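Before any comments, here is the structure.
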Amino acid sequence: MAIAARHIIRVMAKYGKVKRQHGRVTGLDEILDRIVRDCPHVTRIIPGRMGRKRGKMPGGLKIQYATTPGGGADGPANGIKCIYTRQGSWQEVFLICDDTAETQRWLETNNVVT
């Protein structure tokens with residue numbers, strides 16, 4: 001593959017609506033695609049760390065908390081941290097949005113989060 005083509009693929013993975021450079025837990029792509037397509041408040045989605053879990057927990061996407069730029073407590077929230085669980089696995093998901101309250105309301109109203 002030519003160097004220019006590899007660069008374009010890397011740029012597309014980095015600057016698309018959903019970062020697809022790293023792996024994702026099975027079933028997460030469908031949820032992320034729905035959020036990107038239908039939620040007007042989300043500007044970007046970044047899947048985070050993955051891990052294994054023990055015990056039986058209901059699967060699905062759950063909201064954890066609002067995030068701020070740089071991880072500090074100052075300033076308005078610009079995103080939401082979520083956890084997606086399924087069949088013994090979990091993954092962090094960061095939704096970057098312009099209005100966290102409206103995004104959370106949209107996720108709950110449209111039955112995206114459990």
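The values are calculated or read from the model by the stated rules, or taken from the named source; none is laboratory data. The shown structure was predicted, so the numbers you read here are calculated from the model rather than taken from an experiment. A quick note on method: Cβ atoms are made from the backbone with ideal geometry, for glycine too, and the neighbour counts reach across all protein chains shown.
So GLY27 ticks every box in (1) of a type outside the set (Phe, Trp, Tyr); (2) modelled with pLDDT under 75; (3) within 25 Å of ARG105 (Cβ to Cβ) but one. Which box is left unticked?
(2)
Condition check: hydrophobic (A, V, I, L, M, F, W, C), under 14 Å from the mean Cα position of the chain (by Cα) and assigned to a strand (DSSP E or B). Does ILE35 satisfy that? Let's see the steps before the verdict.
Working: hydrophobic (A, V, I, L, M, F, W, C): yes; under 14 Å from the mean Cα position of the chain (by Cα): yes; assigned to a strand (DSSP E or B): no.
No: the conditions fail for ILE35.
Just one of (1) modelled with pLDDT of 90 or more; (2) surrounded by 14 or more Cβ atoms within 10 Å (Cβ to Cβ) trips up THR67, so point out which.
(1)
What do you reckon, is ILE46 aliphatic (A, V, I, L, M), outside any helix (DSSP H, G or I) and at pLDDT 90 or above? Spell out the reasoning first.
Details: aliphatic (A, V, I, L, M): yes; outside any helix (DSSP H, G or I): yes; at pLDDT 90 or above: no.
Judged against the criteria, ILE46 is not a match.
Can you report the number of residues in the range 86-99 which are touching a residue at least 60 places away in the same chain (Cβ under 8 Å) and over 13 Å from ARG24 (Cβ atoms)? I'd like the intermediate steps shown before the answer.
Pass one, the range 86-99, residues touching a residue at least 60 places away in the same chain (Cβ under 8 Å): 86-87, 89-91, 93, 95.
From what's left, over 13 Å from ARG24 (Cβ atoms): 87, 95.
Qualifying residue count, the range 86-99: 2.
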